[in-house]
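The values are calculated or read from the model by the stated rules, or taken from the named source; none is laboratory data. Note that the coordinates shown come from a computational prediction; the quantities given were computed from them, not determined experimentally. All Cβ positions, glycine included, derive from the backbone under ideal geometry; neighbour counts span all protein chains shown.
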Amino acid sequence: MTSTPRFGLTVGPLQYWWPRAQAMAFYAEVADSAADTVVLGEVVCSRRNEFRTDDWIALARDLARCGKSVVLATQALVMSESELRTLRRLCEHDEFAVEAGDASALAVLAREHAKRPQRPGFVLGPHVNVYSRAALAELAPLGASCWVAPLELALDAVARINPADDRVSGPAGPVATEVFAFGRMPLAFSARCFTARHHRLNKDECDFRCRDDADGLLLTSSEGAPFLVLNGIQTQSAALHCLIGARDALAAAGVSRVRLSPCSRGFARVVALFDDVFHHGADAHAARAELDALGLPGALVDGFARRQPGMQEIAA
């Protein structure tokens, strides 16, 4: 195994609506895992009310006491004044770093960092459109400390935007690069709730039906092949993006953190396998084979990272 800096393992925000007991059990497992950072918060739909803002902050403090770095995330699509109020409260909170889900969060975070430069640097979330070095250089002076590359960005493009030997810098220091490395890819957001529409319900009278689908509602093509997943107002890939065999390519692209997105089955083992491969020299092919055997909710793909169609399965 080549000598490279240690990768940070980030558990991304929970994309789905799980019952409170299930979510708390999940984060208890995360607390005991090899993950370095945990991103918390409701990022899809404000109608999901198992956790309020105070609940997320209390959970963040519990995880911090377990040695985890915690980031509080804002929604990727903000559509109401109440959602804006929640966003402002999160962005004005300076106990933990904040991940900006959209431009409205960036505006508040920039204002707060101008007032209090000593507060933690914020994270540019994957849905903030940063596709060039110029864009990253424009946002870093606002207080960004980490950039999560857009999901469809190939690793060679990531390398040109923020290479390890010439990182974009701002008041929070050189900006770290994080790449989405495992999980169903959140591809789009809409003002409509497609889960409600599937059940012939209005968005505001949805009966909270997305609680019925622990990993989203699978759609298939006319040929019966897995195609997309409906998750409230979010559309996801049916397959799971997986870069467990791309350690060296990630290091060469200047990536220092990899994001693992939660799923309802086998996730604790997913984190352990990434830790084994990325930090302890375990064989990536054997780890991939074990992932295939875990009963994960979809096939494993890596096309986007290689500048190929995103649903292209990982080569044998």
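Could you list all residues from the range 6-35 that are touching a residue at least 60 places away in the same chain (Cβ under 8 Å), closer than 26 Å to LEU124 by Cβ and not aliphatic (A, V, I, L, M)?
ARG6, PHE7, GLY8, THR10, GLY12, PRO13, GLN15, TYR16, TRP17, PHE26, SER33, listed by residue number.
Would you call GLU138 surrounded by 15 or more Cβ atoms within 10 Å (Cβ to Cβ) and either out of contact with any Ser or Thr (no Cβ under 6 Å at 6 or more places or on another chain) or farther than 27 Å from GLU313 by Cβ (or both)?
For GLU138, the condition - surrounded by 15 or more Cβ atoms within 10 Å (Cβ to Cβ) and either out of contact with any Ser or Thr (no Cβ under 6 Å at 6 or more places or on another chain) or farther than 27 Å from GLU313 by Cβ (or both) - is not met.
Filter the range 43-98 down to residues that are over 14 Å from VAL123 (Cα atoms), small (Gly, Ala, Ser) and modelled with pLDDT of 95 or more and give me whichever is surrounded by the fewest Cβ atoms within 10 Å (Cβ to Cβ).
Going through the qualifying residues, I end up with GLY67.
Could you please find all residues in the range 143-173 being more than 17 Å from the chain's Cα centre (by Cα) and closer than 17 Å to ALA73 by Cα?
Within the range 143-173, just GLY143 meets the criteria.
Using the structure shown, decide if ALA181 is of a type in the set (Gly, Ala, Ser) and not in a strand (DSSP E or B).
Here the answer is no, as ALA181 does not meet what is asked.
Going by what's in this entry, would ALA159 be described as surrounded by 19 or more Cβ atoms within 10 Å (Cβ to Cβ) and either at positive phi or modelled with pLDDT of 95 or more (or both)?
Considered against the rule, which asks whether it is surrounded by 19 or more Cβ atoms within 10 Å (Cβ to Cβ) and either at positive phi or modelled with pLDDT of 95 or more (or both), ALA159 comes out as no.
Give the residue, chosen from LEU240, LEU230, LEU219, that is of a type outside the set (Val, Ile, Thr), without any contact (Cβ under 8 Å) to a residue 24 or more places away in the chain and assigned to a strand (DSSP E or B).
LEU219
Which one is farthest from ALA299 (Cα to Cα) among residues in the range 184-203 that are free of Cβ contacts under 8 Å to residues at least 24 places away in the same chain and either aromatic (Phe, Trp, Tyr) or part of a loop (DSSP other than H, G, I, E, B) (or both)?
The qualifying residue farthest from ALA299 (Cα to Cα) is ASN202.
Being within 28 Å of ASP275 (Cα to Cα) and either hydrophobic (A, V, I, L, M, F, W, C) or at pLDDT below 95 (or both) is the filter here; which residues of the range 230-247 pass it?
Residues satisfying the conditions are ALA238, ALA239, LEU240, CYS242, LEU243, ILE244, ALA246.
Could you check, for the range 255-268, whether at least one of its residues is in a helix (DSSP H, G or I), at pLDDT 95 or above and at negative phi?
There is at least one residue in the range 255-268 that is in a helix (DSSP H, G or I), at pLDDT 95 or above and at negative phi.
Hey, among the residues in the range 269-309 that are part of a helix (DSSP H, G or I), over 18 Å from the mean Cα position of the chain (by Cα) and touching a residue at least 40 places away in the same chain (Cβ under 8 Å), which one's nearest to LEU219 (Cα to Cα)?
Checking each candidate, the answer is LEU291.
Quick check on the range 37-52: of everything there that is free of Cβ contacts under 8 Å to residues at least 40 places away in the same chain and more than 14 Å from the chain's Cα centre (by Cα), which residue is nearest to ASP204 (Cα to Cα)?
Pass one, the range 37-52, residues free of Cβ contacts under 8 Å to residues at least 40 places away in the same chain: 38, 40, 42, 49-52.
From the residues that got through so far, the ones that are more than 14 Å from the chain's Cα centre (by Cα) too are 49-52.
Numbers: ASN49: 14, GLU50: 17, PHE51: 19, ARG52: 19 Å.
Among those that are free of Cβ contacts under 8 Å to residues at least 40 places away in the same chain and more than 14 Å from the chain's Cα centre (by Cα), it is ASN49.
Take the residues in the range 13-31 that are small (Gly, Ala, Ser) and surrounded by fewer than 15 Cβ atoms within 10 Å (Cβ to Cβ); name whichever of them is farthest from ASP215 (Cα to Cα).
ALA28
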